[in-house]
Amino acid sequence: MKCPRCLNTDPEYFYKGSRGWYCRRCISFGRAMIEEETESPKLAEIADGAQEYTLQYPLTPAQEKIAVQCAQLIDDTSVLINAACGCGKTELVVYSIAKMLKEKKKVCFAIPRRQVVLELRERLAQYFPKAKVIAVCGGHTKETDGDLIICTTHQLYRYYRSFDLLILDEPDAFPFYGNDVLHGIAETSCRGHTIYLTATPDETLCQKAERHELVQLNLFRRPHGHPIPVPRMILGPRLFLLAQLLIWIHRCRDHPRMIFAPSIRTAHILHRFLSVFMKCFLCSSHTQNRDQVIAEFRKQKAGIIIATTVLERGVTVPGADICVWNADSGVFSEASLIQMAGRAGRSFQYPDGDVLFLCMSKSSLVKACAKTIEEANACAV
Ligand SMILES: [Zn+2]
């Protein structure tokens, strides 16, 4: 037996109800009946002209090359685009989306995190002015059909075998990463091929590329051509690091500064400590008015924000410098260190940025992160 929705085959999850066998592994999305035929939703035809796009900036030659290659490949195979943070991932799939829409094929852009869905909808609606671009996520589920659907990976259960192209953005991010149910649902929502977009591909994706189950395209050059800032590491006891943090904050005073902490508790302690000396913002998963806090921080020319990994991806603050407190903490993976470091040096005005990792002990992950960034920079030359 196999669940038609989440692809579960473990007999422990199958139950027999009054209507027949159903799967309990994906029960939070409603009952998936095993013996009944699963129906795809009836989705409207793509509007004429939906494929017309306008980009804010023309693609750089490096972006152009990947974007063209990807659009050629997607008819025949799935693609992994490994693009370093700040390389303009979204722009790399615009040709592929346009090509599909022109052929009246259904495209979905799925992302693990809700916040990014809403931001991306705005951006893609600007790129495709004639297309009906809709966001489907918690709080936005009244309308579920459009020419281009942007949704959280949780919402894919609505679209059984509906998409000719599924673009999975940041498949290595929580809560999609390591979640078998969401992976199964993503697979069954797509009848065509998938584009995986990430700066930090996980082991599974790398293995698929090695087995030639998909084609990997790499882009390590940022649009401004400058290398990605490599983190500097300072090692020492807590009090010494606090002094270093104050020195760093002062040294980078002309730019916005983002300080990442490994836990909500540590973020609060740092916030209390720094608030003695200066105004600073705090943002964690417990922050109620998160959007407002980020907006306030952005408004300041050189503000300071202390954040947990809740801000490690997606949030771009032009010209920001980055510090990771206790970067050697077991909470951070190499991917999250790369993502946090990748927040720096993303503006044309200030393409270099400063990244500082403060550590209380030696950490192989911190070293691996610096090495990965150096290798990406070397490949970009
Ligand atoms: Zn299931």
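Couple of notes before you dig in:
- Output for the stretch 8-30, where each listed residue is within 9 Å of the ligand (Cβ to nearest atom) and open to solvent by 50 Å² or more (accessible area, probe 1.4 Å): Tyr13, Arg24, Arg25, Ile27
- Matching residues in the stretch 197-220 - criterion: being under 26 Å from Ala71 (Cβ atoms) and either surrounded by fewer than 15 Cβ atoms within 10 Å (Cβ to Cβ) or over 18 Å from the mean Cα position of the chain (by Cα) (or both): Thr204, Cys206, Gln207, Lys208, Ala209, Glu210, Arg211, His212, Glu213, Leu214, Val215
- Candidate set from the stretch 31-87 (those that are loosely packed, with under 13 Cβ neighbours inside 10 Å and touching a Pro at 6+ places or on another chain (Cβ under 8 Å)); member that is modelled with the highest pLDDT: Thr54
- None of Leu43, Leu59, Leu55 is in a loop (DSSP other than H, G, I, E, B), out of contact with any helix residue (DSSP H, G or I) (no Cβ under 9 Å at 6 or more places or on another chain) and more than 12 Å from the ligand (Cβ to nearest atom) except Leu43.
- Residue pairs meeting the criteria (Cβ under 6 Å; at least 6 apart or on separate chains; first assigned by TED's automatic domain parsing to the domain that holds Leu120, in the stretch 169-181; second among the hydrophobic types (A, V, I, L, M, F, W, C)): Asp169/Ile111; Asp169/Leu197; Asp172/Ala335; Phe176/Leu182; Val181/Cys6; Val181/Cys26
- Every pair of residues 6+ apart whose Cβ atoms lie under 6 Å, when the first sits in the stretch 152-166 and is open to solvent by 10 Å² or more (accessible area, probe 1.4 Å) while the second is modelled with pLDDT of 95 or more and assigned to a loop (DSSP other than H, G, I, E, B): Arg158/Thr144; Asp164/Lys105; Asp164/Lys106
- Hits in the stretch 346-369 (condition: buried (at least 18 other Cβ atoms within 10 Å of the Cβ), modelled with pLDDT of 95 or more and small (Gly, Ala, Ser)): none
- Residue among Arg290, Arg343 that is open to solvent by 30 Å² or more (accessible area, probe 1.4 Å) and either in the same structural domain as Ala267 (by TED's automatic domain parsing) or over 21 Å from Ile228 (Cα atoms) (or both): Arg290
- Residue, most open to solvent (accessible area, probe 1.4 Å), within the stretch 221-262, restricted to residues that are over 21 Å from Ala344 (Cα atoms) and in a loop (DSSP other than H, G, I, E, B): Pro237
The values are calculated or read from the model by the stated rules, or taken from the named source; none is laboratory data. Note that this is a predicted model, so its numbers are computed, not measured. Neighbour counts run over all protein chains shown; Cβ positions are idealised from the backbone, glycine included. With ligands, DNA and RNA removed, areas are computed over all heavy atoms of the protein, side chains included. Shrake-Rupley method; radii C 1.70, N 1.55, O 1.52, S 1.80 Å.
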